[in-house]
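> Shown below is the structure under consideration.
The values are calculated or read from the model by the stated rules, or taken from the named source; none is laboratory data. The structure presented is a predicted model; accordingly, all values stated were derived computationally and were not measured. When we count neighbours, we look across all protein chains shown, and the Cβ atoms used for this are built from the backbone with ideal geometry, even at glycine.
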Amino acid sequence: MDKTVEIIRLSEAGVAQRDICAALRSSFSTVSKTLKAAREKDLKAAQLADKDSRTVRQLLFGPGERAGSYEQPDFAWMEAQLKRDGVTLTLLWDEYTRSCAASGAKGYQYTQFCELWGRWRKDRGISAARLRIQRVPGRLVEVDWAGMRAEYVDRTTGEIRRPWVFVGCLPYSQKLFAAPFNDMAQPSWIRAHVAMLRYFGGVPELVTPDNCKTGVAKPDYYDPVVNKDYARLAAHYGFAVVPARPVTPRDKGSVENTVKFVQTWVVAYLREQRFFSLGEVDQAIKARIATLNAQPLKAADVSRNDVFDEEEAPCLKPLPAHDFELAEWRRGKVGIDYCVQVDHQRYSVPYRLIGDQVDIRVTDQTIEVFHGGARIGSHARLTGRMNQASVLPEHMPDKHKMALEAWNPDRFTRWAASIGPACLQVITAILASKPHPAQSYRACLGVLGIAKSRGNAFLEQVCQQAAASSSQPSYKQIALLAKHPQPARIGDTDRPDLPGVGSGGMVRGADYYKITGSERA
């Protein structure tokens, strides 16, 4: 049904003119003029229902209607609509032109539309003088959260999640940044800034947030108190935080406009696409932001990227060597397994600190443990299944190190060498006595275990005796010599000159048998 006829039909049904405006998205002047013409010509909706648009307009307004007349926008309705999130003059003008096309009326172009809007506001005393600020390249970044949220479906639960969108803008070049986060908590706020500065490739002198708790701990018109974690971030990158004055969004007008722009041309633009993870939303937003930064600005032949690359990027300070990580401090007690527990994961410290209280610094990537102000351990943060453990060898007692160390020939030879050369010779021979070295590991353990009960010097002496009496010493030989140790042999040059002691040992000789019994007695 023609829109003009629909206006008449609704009026006949008792609908108020303002409600007709809202229902049909028509201006009040259009509705008023149409109903006035219908009353004057005594025309009803039923009489016009089967007529085309041109005929309806001729019956209502006559052929003498001036061809150059324009449909007047409903500025009061526009003022109310502009207070809603995501609604801009561009969007209202688009709806206005579509309404004019549907009713056959002639509509204003965008420039004249905006000029008439400005005049209407000025006539009502709404507009006020504004100071046009001269922007300096590389000086300022303005940041805020968008009011309109993105959307994705959790693959695991099927739940619809609605992440918040962080927005940052460089006022000089108007280069923008946006990224989604599941919440607006402190870690997300910090990660958003880190990602933004990495995207811009440099650091400005100032950052202007609003007075959210993650940025400003205590808002004040003259002396605001910056959030401690936010202040640490600023110190790491070398920028100053200058919050906007409370209830004064014009202090960060660039990002306020950018937020509306992002809500319309990023969030609303992607509303028909389906996403199944925060990462997918992030990738789609990045692609859209790249397109917007690369497209030419209105009334200009350059893009945001062109202005940024040529004029603003050289003015930014370089990024630090490492990204900032938000740290959380906790207290913990070292367990009997010489580990501290963080979020159901275990991290080792030196075993001598079992039972002591320690300080734990927790970041997204690392776990650091401090005792008495000194760092005693650092681990990569564990993720995934619970009750994993990160245990460093230097934190373990020697017995635990040996129990966990893999047995191999090199380990046995190093152990034997620490006792002495004879022990090394015996262990090497035992390892070579079997087709596969693993078959001799128990024999090696048996030999080296003697040092634990009798000492290294004793085992070395036994190995010397075994090596002297056999070219292929075995565990059984070593065990027998250890059970019945032989006295140390005395060299020939050290033997005393005793009767009956010759080079062959203790022998009686022929003279012994010449002695009579009485002489023996």
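> Tell me the residue from Ile360, Ile376 that is of a type in the set (A, V, I, L, M, F, W, C), in contact with a helix residue (DSSP H, G or I) (Cβ under 8 Å, 6 or more places away or on another chain) and part of a strand (DSSP E or B), please.
Ile376
> Here's something else I'd like to know. Contact list please: Cβ distance under 7 Å, first residue in region 181-201 and closer than 15 Å to Gly147 by Cα, second residue among the hydroxyl-bearing types (Ser, Thr, Tyr) and assigned to a helix (DSSP H, G or I), pairs at least six apart or on different chains.
Phe181/Ser188
> Name, by its number, the condition in (1) of a type outside the set (Val, Ile, Thr); (2) modelled with pLDDT of 85 or more; (3) assigned to a loop (DSSP other than H, G, I, E, B); (4) surrounded by 13 or more Cβ atoms within 10 Å (Cβ to Cβ) that does not hold for Leu326.
(2)
> If you don't mind, there's one more thing I want to ask. Can you say whether Val340 is closer than 30 Å to Lys399 by Cα, crowded, with 16+ Cβ neighbours inside 10 Å and aliphatic (A, V, I, L, M), as far as the supplied structure shows? If you could, list the steps in order and put the result at the bottom.
Values: closer than 30 Å to Lys399 by Cα: yes; crowded, with 16+ Cβ neighbours inside 10 Å: yes; aliphatic (A, V, I, L, M): yes.
Considered against the rule, which asks whether it is closer than 30 Å to Lys399 by Cα, crowded, with 16+ Cβ neighbours inside 10 Å and aliphatic (A, V, I, L, M), Val340 comes out as yes.
> What about Ala268, is it assigned by TED's automatic domain parsing to the domain that holds Thr208 and without any contact (Cβ under 8 Å) to a residue 24 or more places away in the chain?
no
> Among all residue pairs at least 6 apart or on different chains, which show Cβ distances below 6 Å where the first residue, located in region 424-443, is within 15 Å of Ser471 (Cβ to Cβ) and free of Cβ contacts under 8 Å to residues at least 40 places away in the same chain and the second is among the aromatic types (Phe, Trp, Tyr) and assigned to a helix (DSSP H, G or I)?
Short answer, once both residue conditions are applied: Ile427/Phe412.
> While we're here: Taking strands (runs of 3 or more DSSP E) that fall entirely within region 157-214, which contain at least 2 residues that are among the β-branched types (Val, Ile, Thr)?
Filter on region 157-214 gives 164-170, 206-208.
> Do any residues in region 385-400 that are in contact (Cβ under 8 Å) with a residue 12 or more places away in the chain have Cβ atoms under 9 Å from those of residues that are part of a loop (DSSP other than H, G, I, E, B) and exposed (fewer than 13 other Cβ atoms within 10 Å of the Cβ), where the two are at least six apart or on different chains, and which pairs are they?
Every condition considered, the pairs that remain are Met386/Asp343; Met386/His344; Asn387/His344; Gln388/His344.
> Mind checking whether some residue in region 26-41 is assigned to a loop (DSSP other than H, G, I, E, B) and either among the β-branched types (Val, Ile, Thr) or under 55 Å from the mean Cα position of the chain (by Cα) (or both)?
The first filter runs over region 26-41 and keeps only residues assigned to a loop (DSSP other than H, G, I, E, B), leaving 26-27.
Of the ones still in play, those that are also either among the β-branched types (Val, Ile, Thr) or under 55 Å from the mean Cα position of the chain (by Cα) (or both) are 26-27.
Yes; the residues of region 26-41 include at least one that is assigned to a loop (DSSP other than H, G, I, E, B) and either among the β-branched types (Val, Ile, Thr) or under 55 Å from the mean Cα position of the chain (by Cα) (or both).
> Checking the condition of a type in the set (A, V, I, L, M, F, W, C), at pLDDT 90 or above, exposed (fewer than 14 other Cβ atoms within 10 Å of the Cβ) and part of a helix (DSSP H, G or I), which residue from Ala457, Ala451 passes?
Ala457
> Name the pairs: first residue in region 27-47 and over 15 Å from Gly62 (Cβ atoms), second residue surrounded by 17 or more Cβ atoms within 10 Å (Cβ to Cβ) and among the β-branched types (Val, Ile, Thr), Cβ to Cβ under 6 Å, at least 6 apart or on different chains?
Taking only residues 6 or more apart or on different chains, the pairs are Val31/Ile7; Val31/Ile20; Ala45/Val5; Ala45/Ile8.
> Now for a different question. Just checking, does region 463-472 include any residue being out of contact with any Ser or Thr (no Cβ under 9 Å at 6 or more places or on another chain), touching a residue at least 12 places away in the same chain (Cβ under 8 Å) and under 16 Å from Trp415 (Cβ atoms)?
Within region 463-472, one or more residues are out of contact with any Ser or Thr (no Cβ under 9 Å at 6 or more places or on another chain), touching a residue at least 12 places away in the same chain (Cβ under 8 Å) and under 16 Å from Trp415 (Cβ atoms).
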